[in-house]
Amino acid sequence: MIRSMYSGVSGMKGFQTKLDVIGNNIANVNTVGFKKSRVMFQDILSQKVGSESGPTENGARGSVNPKQVGLGSTVAAINVVHSVGSPMTTNLTSDLSIEGDGFFVVSDGDNKYLTRAGNFERDVNGFLVNPQGMKLLDSGGNPVQIERENVVSYSIGSDGVITTVDNDQQVQEAATIGLVTVPNPGGLEKVGGSLFKATVASGNIEMEPTTPTEANSKILSGQLEMSNVDLSEEFTEMIVAQRGFQANSRIITTSDTVLEELINLKR
């Protein structure tokens, strides 16, 4: 009875974690560049209550399989799903999305981060910055700057090249937006703000940006990549998690009822 109660507790904890992840996914359904997560389970140790044996030498008896009782489940992994989010057209030149597997590189001066959120703006000095004020880096690892003086307009091509037009209608290339690809996006660590940090599991720790062409990607100006959360899928998973939690709580109450009957035998 005690084993079944502990198994029920482990199941409830696991489904509670699943509900936590689902809640976070739904909360970020409209977050630019957000990547949803999913919970994967695995069984815990199994207790052997009967040993296995092989067939006898004379063939009179066959083999006997081991008898084992499982001891519940636990969370095996919480994976980030890096599928492409739905596009949203904004017609703002500084709003960018990526067609391909690349990531934008932003820096706060000390650290570099990766992101698929391309909602950038020009600050007072002409730097392209994200909502946290981190500067977008070009293919050389330098902050992207579009001078405000004398520049009347600018455009960003699919190759990441920023072209400016000055007061004299002179066309110049200001910079090339840099992108980074990682061997294993699932190994990236979320740090908030739709930002990721490279780890030993993701590879490319240095996060040195290259041109979009070298990253086998294209940059689309005037649109954003929104969250990849599918509400219908999340609601379905939420029902599964809720029913799983209820079923495991029923294991505990049933085991408690049986224990109560066992105790009452003494009366």
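Rule-based calculations on the coordinates, nothing more; no lab input. All of these numbers come straight from a predicted model, not from anything done at the bench. All Cβ positions, glycine included, derive from the backbone under ideal geometry; neighbour counts span all protein chains shown.
Using helices alone, I'd like the mean residue ellipticity at 222 nm for the chain: each DSSP H run of four-plus residues gives -39500 (n - 2.57), total over residue count, nearest 500.
Working: 2 runs with 60 residues, N = 267.
Rounded to the nearest 500, the figure is -8000 deg cm²/dmol.
Write out the trypsin sites (Lys or Arg not before Pro) in the stretch 153-238 meeting two conditions: DSSP loop, and at most 10 other Cβ atoms within 10 Å of their Cβ. Could the numbers behind the result be given before it?
Details: sites: K190, K197, K218; in loops: none.
Answer by residue number: there is no such site.
What angle, in degrees between 0 and 90 and rounded to the nearest 10, separates the Cα long axis of helix 2-27 from the longest principal axis of the Cα atoms of the chain?
The answer is roughly 20 degrees.
Using Stokes-Einstein with the Kirkwood hydrodynamic radius over Cα pairs, what translational diffusion coefficient do you get for the stretch 182-247 at 10 °C and a viscosity of 1.306 mPa s, in µm²/s rounded to a whole number?
The Stokes-Einstein estimate is 103 µm²/s.
Say a site is exposed when it is one of the GluC sites (Glu not before Pro), sits in a DSSP loop, and has at most 16 other Cβ atoms within 10 Å; what is then the longest site-free stretch of the chain? Provide the component values of the computation, followed by the final result.
Values: sites that count: E52, E57, E147, E149, E206, E214.
The longest uninterrupted stretch comes out as 58-146.
Where does each of M88, M12 land when they are ranked from fewest to most other beta-carbon atoms within 10 angstrom?
Values: M88 13, M12 19.
Ranking M88, M12 by Cβ neighbours within 10 Å, fewest first, gives M88, M12.
What distance in nm separates the simple spin-label points at S83 and T254, each placed 7 Å from Cα in the Cβ direction?
A separation of 3.4 nm, rounded to one decimal place.
Could you tell me which label, among [x] 56, 22, 14; [y] 35, 25, 15; [z] 30, 23, 19, carries the value of semi-axes √(5λ) of the Cα gyration tensor in Å calculated for this structure?
Working out semi-axes √(5λ) of the Cα gyration tensor in Å from the coordinates points to [x].
As I understand it, the value is the acute angle between the Cα axis of helix 231-264 and the longest principal axis of the Cα atoms of the chain; what does it come to in degrees, rounded to 10?
The two axes meet at around 20 degrees.
Arranged by the count of other C-beta atoms within 10 angstrom, fewest first, what order do R116, R38 take?
Working: R116 26, R38 16.
The most exposed by this proxy come first: R38, R116.
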